[in-house]
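Structure record follows, encoded as structure tokens.
Please treat every number below as a calculation from the coordinates, not as lab data. Because the structure is a prediction, the values reported are computed rather than measured.
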Amino acid sequence: MSGESNVSVNLADGEKPQVNVSLYPDGAARFEAKVLSSGVPLLKIEHGSAEVRVWPHVPTQITGNDVATARRLVASATAYLAEVERIHAERAATAA
């Protein structure tokens, strides 16, 4: 799979390690939401050599907090989509 993704781990004296993952998805990116045979929901993002999996906090015991977290994820993804569409439309109008 092609594509660019970056993972960095920052270690500073006396501080917690910080892990950053940056994905720059293109047409080769894959997104999948499914329920495993064990009944656990999974959201998977694959791009380049990176694979990100999103699971409920305790996969076998889904709670209202997990539902709220999934809703926040959808709200953020929806806002991201709206901004990408807006910027694309603005640039297309400028280029025309």
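Helix-only estimate, please: 222 nm mean residue ellipticity of the chain, summing -39500 (n - 2.57) across DSSP H runs of length 4 or more and dividing by its residues, to the nearest 500.
Taken over the chain, the calculation gives -12000 deg cm²/dmol.
Rounded, prolate or oblate for segment 33-73? Axes are the square roots of the Cα gyration tensor eigenvalues, ordered a ≥ b ≥ c, and the cut-off for rounded is a/c under 1.5.
oblate
Starting from the Cα-Cα distance between Ala89 and Val40, subtract it from 0.36 nm times their residue separation and give me the gain in nm to one decimal.
Here the answer is 13.8 nm.
Just how many % of Cα pairs in the chain lie over 16 Å apart, if you round to the nearest whole percent?
Roughly 72 percent, once rounded to a whole number.
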